[in-house]
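One structure is given below, encoded as structure tokens.
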Amino acid sequence: MKADTLTLLCIRHGQTDWNLEGRYCGQTDVELNDTGRCGAETLAEDLRSERIDAVYSSDLIRAISTAEPLVRSRDIEIQHDKRLREIHQGVWEGMLFPDIKKKYAERFAERAQDPISIAPPGGETVGEVKNRVTSALQDIINRHEAGSRIAIVAHGFTLAIARVHFGNIDIRKVWDYIPPNTEVIEIKVQKHDTA
């Protein structure tokens, strides 16, 4: 590992009933279901022997509940940052994906063509999410020394933004990089690459 590099352990929260049903959660504060709670415990056990220097979480309950088992056996407090929240899906929140595509076909197609500037009605654009998430990650990275291992417990789209940003991948492909629930993605970051 290079001297000016640190590691982000990007972790998607555990399963919710809305994930299971195929509903857009967005920033609606949906709790983990039983599978999600078990997944969070399994994740913590899998990472028990890993060094983790800090844990950051979205302030939504599904992320916090996933982060809590991680810090239970460590002398670390969860640091909450609302900039790590999921994309705000506006009126699409709580709706099933096929229903959104049917009822909002034109807006859905427009967003697919121009995700940087087209948002769901009442929601955020991909560009807005990218700005707030990369701002949060830059602040986190700047707070820690090179060599640190930082857990970021957040949401599928939030972590997809991190993956395309640090991987220099076209932002229009962001949906291809959404991880499954409780998956851990390790990203090596050079401190000067965060701007």
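Below is a table of values for the structure above.
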item: Close pairs (8 angstrom Cβ cut-off, 6 or more residues apart or separate chains): in a loop (DSSP other than H, G, I, E, B) in the stretch 15-43, of a type in the set (Lys, Arg) anywhere; result: CYS25/ARG62; GLN27/ARG85; ASP29/ARG62; VAL30/ARG62; GLU31/ARG62
item: Residue tally, condition crowded, with 21+ Cβ neighbours inside 10 Å and of a type in the set (S, T, N, Q), over the stretch 8-57; result: 4
item: Pick from the stretch 18-45, criterion small (Gly, Ala, Ser) and farther than 30 Å from GLY147 by Cβ, ranking: nearest to the chain's Cα centre (by Cα); result: GLY26
item: Residue count for the stretch 99-124, restricted to those that are surrounded by fewer than 17 Cβ atoms within 10 Å (Cβ to Cβ) and closer than 20 Å to ALA162 by Cβ; result: 1
item: Residue check, LYS82 loosely packed, with under 15 Cβ neighbours inside 10 Å and over 20 Å from VAL174 (Cα atoms); result: yes
item: Options SER148, SER117: the member that is at negative phi, in contact with a Leu (Cβ under 6 Å, 6 or more places away or on another chain) and not β-branched (Val, Ile, Thr); result: SER148
item: Residues that are out of contact with any Ser or Thr (no Cβ under 6 Å at 6 or more places or on another chain) and farther than 29 Å from ASP34 by Cα, drawn from the stretch 147-186; result: GLY147, SER148, VAL164, PHE166, GLY167, ASN168, ILE169, ASP170, ILE171, ARG172, LYS173
item: Of all residues making up the stretch 46-77, the number that are under 15 Å from the mean Cα position of the chain (by Cα) and under 20 Å from ALA162 (Cβ atoms); result: 11
item: Residues being more than 15 Å from THR158 (Cβ to Cβ) and of a type in the set (S, T, N, Q) - total across the stretch 17-57; result: 4
item: Residues located in the stretch 166-190, provided they are more than 23 Å from SER148 (Cα to Cα), buried (at least 17 other Cβ atoms within 10 Å of the Cβ) and β-branched (Val, Ile, Thr); result: VAL174
item: Hits in the stretch 125-147 (condition: within 27 Å of GLU186 (Cβ to Cβ) and buried (at least 18 other Cβ atoms within 10 Å of the Cβ)); result: VAL126, VAL129, LYS130, ARG132, VAL133, ALA136, LEU137, ILE140, ILE141
item: Residue match in the stretch 122-129 (condition: assigned to a helix (DSSP H, G or I), modelled with pLDDT of 95 or more and under 20 Å from SER57 (Cβ atoms)); result: yes
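The values are calculated or read from the model by the stated rules, or taken from the named source; none is laboratory data. This is a predicted model, so every value here is computed, not measured. All Cβ positions, glycine included, derive from the backbone under ideal geometry; neighbour counts span all protein chains shown.
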